[in-house]
Amino acid sequence: MSSNPPDSKNFSLYWDKYTFMLFRDYLEDGDREKITAKILQKVEKIRKTYTGEVMPYMKEQRDYLKEKLKDRVIFDIELELDSRLLVGSGSPSILEVGMTFSRNYGVPIIPSSALKGCFSHYCFEKEIFSKEEYKTIFGQDISQDPENVCGSVLFLDAFPTSGLKFGLDVVNNHFQRYYMDGEIPNDWYNPVPVVYLTLTEGVFRFTVISIDRISSELSSKIKTSFVDMISSYGIGSKTNYGYGRFKKGN
């Protein structure tokens, strides 16, 4: 393994591979503040030079798909972040808190599986759709055991289109010795702050299409419910702390 890996403009490659190589010396010294500062500097450099190149290309690809499937597009909207966003926090990361990036394009994304899963849970919990509508959308009969059936609605990965910015947040672990070593939790343990990367600003594009034709009434209901979910319920990690909310837009 090279001690000086080549510079990378791809977020995904840098985050998943190079950070562990570039900062292993800092890890050995236990200097986490230096690790965080270096990563944030690099991420900001990549954001300024790379995202401006790749996001227009992603837009072009989505526009092409939208045009080819124009009769089946349920909605295609852009929404602006109204709070911090963190998707993929459980992924491996040198900062202990991960983030999801597109493997090919290297920009932070909200995976289609996360969108569908969150929306499914939201609709089930709020009883927004009838049993028939729910099965049409998600392929699952909520009155029976889960079925491995494809629904008629397809959620695409949401990706940033403009205004992308990163920032740091911190969580204080007060009982690390309890979680790591099984010791009895006590008030005199020193807190262990973990500083991690989040998205603080950005506009994301959400696209949902239908595999089978559905009614315009159901399409409108899906769009309205999805926007309500993403603005009030949120998506990703730490939604109970206000993360993952988007503005409804005009």
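General remarks:
- Among the listed pairs 9/48; 42/165; 223/247; 45/248; 70/223; 165/247, those beyond 19 Å (Cα-Cα): 45/248
- For segment 57-164: relative contact order, % (alpha-carbon pairs under 8 angstrom, 6 or more apart): 19
- Largest accessible area first, the residues 105, 196, 50 order themselves as 105, 50, 196 under a 1.4 Å probe with ligands, DNA and RNA left out.
- Accessible heavy-atom area order of 213, 47, 72, highest first, probe of 1.4 Å: 213, 72, 47
- Carbon and sulfur %, accessible surface of segment 186-250 computed with the full protein complex present, 1.4 Å: 48
- Taking all protein chains together and rolling a 1.4 Å probe, residue 150 ends up with roughly 100 Å² accessible.
- Of 170, 195, the residue with the largest accessible area leads and the full order is 170, 195 (1.4 Å probe).
- Estimated distance in nm for a label pair at residue 142 and residue 78, the labels positioned 7 Å out from Cα along Cα-to-Cβ: 3.4
- Averaged over residues, the count of other Cβ atoms within 10 Å places the peptides 154-163, 37-46 in the sequence 154-163, 37-46, highest first.
The values are calculated or read from the model by the stated rules, or taken from the named source; none is laboratory data. Quantities reported herein were computed from a predicted structural model and do not represent experimental measurements. Cβ: placed from backbone, ideal geometry, glycine included. Neighbour counts: every protein chain shown. Quick note on the areas: whole protein, heavy atoms, side chains included, nothing else; ligands and nucleic acids left out. Shrake-Rupley method; radii C 1.70, N 1.55, O 1.52, S 1.80 Å.
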